Every structure is written in structure tokens, then in C-alpha cells.
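Asker: Questions regarding the structure given below will be posed in turn.
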Amino acid sequence: MKTPFPAILSVFQRMQSWLLQAAALVVLASCAVPAGNGGLTGAATPNVQGIYQGSYTYGGAYQKLAGQTVSFEISLQQARGSSKIKGVTKESYTGFGTLKDGFVWADITGTCEDEDGFTHLQFTKTYRHSKEPPVAYRGSLPPGSSLLAGTWYFPSKPSDSGMFQITNMYLQ
């Protein structure tokens, strides 16, 4: 006799996937919580908490790596109404950072602000288990877009830089 549990499990998994997608839409659309916003008068603090997929590209200063793109996952946390963000990134090893459990891990801290409908993120990525210097990221999300793009650089050596982009992976 067949049991109905696999069918019930399949329905549960589809419902869970749908709920995650709906939650991601709510996270990206909830930019109306007024808060301390770093001096942007009248601007709301966007809620960017969530899990995102992204990539960064090495710039011309990296002769052998120039143009190479590295995928990463970024998880952001944010207190309701706060412009401060923190999180974790997980990426493939390219010669920077230290491998731990098959990936390179880094902690991030920064801010998220809204100005004229654009969402602006600024954060610093500090590699775990490594002596690599912190990396600064600055990017913007235009109104109506789901792709935040910008530049990364080492504050101590701004010529060592490149481009990055992130998008909410539940919207794809």
C-alpha cells in the first residue's frame, strides 16, 4: 500500500518555496520605514534584510585575474528601521582569503539608505581566517530594479578595485 506522505511533503515543499518568494518580495518592497538615515533628510530607510546572490569582477590592476568574475552569496541582517546592516558572505577561493569548509567567508558591516527612490548600500567586507585587508563596497539600486550594482576597492589602495552586483535570489 502506498503512503500519501511523499505527496504531502511535495505540497509542503512547494508551499515553503512560495512563502520564501513572497517574503523576498516583501523585503525588497518595504522601503517606507522612517528612521535615522545618516543625514538624508526626509528619506526612508530601506529594508534590505535577506539572502542575495551576487558577483564581483576583478579590475585592471589584477593582471592575471582582470575581468574574472567570482560568484558569492550574501546574507544581510538589519534591525527594523535602522540604516545599519551586517551580514556574511560566502564565495569561491581565487587566491584571496582562506578556505574554510570549501569557501571563503567574510563578515560585512555597513549602511543602507534611500535617496530619490534609489537604494544605496555601503559596506566593508572583512575576510575571516585571513590577514587580507578589508574591502569597501558601494552600490545603488535604481527605482523599479532588482539589481544593485557598484564598485569595490581596498581603502588603502583604491586602484585595486572592480565592479560588483547583487540581486535577491528568490526573485529569479
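Only the coordinates and a few stated rules stand behind these numbers; no lab work does. Note that the structure is predicted; figures quoted are calculated from it, not measured. Please note: Cβ atoms are built from the backbone with ideal geometry, for glycine as well, and neighbour counts cover all protein chains shown.
Asker: Give 53, 63, 68, 77 a once-over and let me know the one that is polar (S, T, N, Q) and without any contact (Cβ under 8 Å) to a residue 12 or more places away in the chain.
Answerer: Criteria check complete, one pass: 63.
Asker: Still on this structure, I have one more. Residues to consider are 89, 119; find the one that is under 12 Å from the mean Cα position of the chain (by Cα), crowded, with 16+ Cβ neighbours inside 10 Å and hydroxyl-bearing (Ser, Thr, Tyr).
Answerer: 89
Asker: Continuing with the same structure: Which count do you get for residues in segment 67-81 that are within 14 Å of the chain's Cα centre (by Cα) and of a type in the set (Gly, Ala, Ser)? Lay out the reasoning, then the answer.
Answerer: Residues of segment 67-81 that are within 14 Å of the chain's Cα centre (by Cα), as a first pass: 70-78.
Still in the running and of a type in the set (Gly, Ala, Ser): 71, 75.
Final tally of qualifying residues: 2.
Asker: Strands (runs of 3 or more DSSP E) wholly in segment 63-172 with at least 1 residues that are of a type outside the set (Asp, Glu) and in contact with a helix residue (DSSP H, G or I) (Cβ under 8 Å, 6 or more places away or on another chain) - which ones? Walk me through how you get there before you give the answer.
Answerer: Working: elements: 69-77, 84-91, 103-115, 118-127, 135-141, 147-154, 157-168.
Those strands (runs of 3 or more DSSP E) span 157-168.
Asker: Just for segment 149-171: of the residues that are without any contact (Cβ under 8 Å) to a residue 60 or more places away in the chain and under 21 Å from residue 53 (Cβ atoms), which one is surrounded by the most Cβ atoms within 10 Å (Cβ to Cβ)?
Answerer: Taking the candidates together, the pick is 150.
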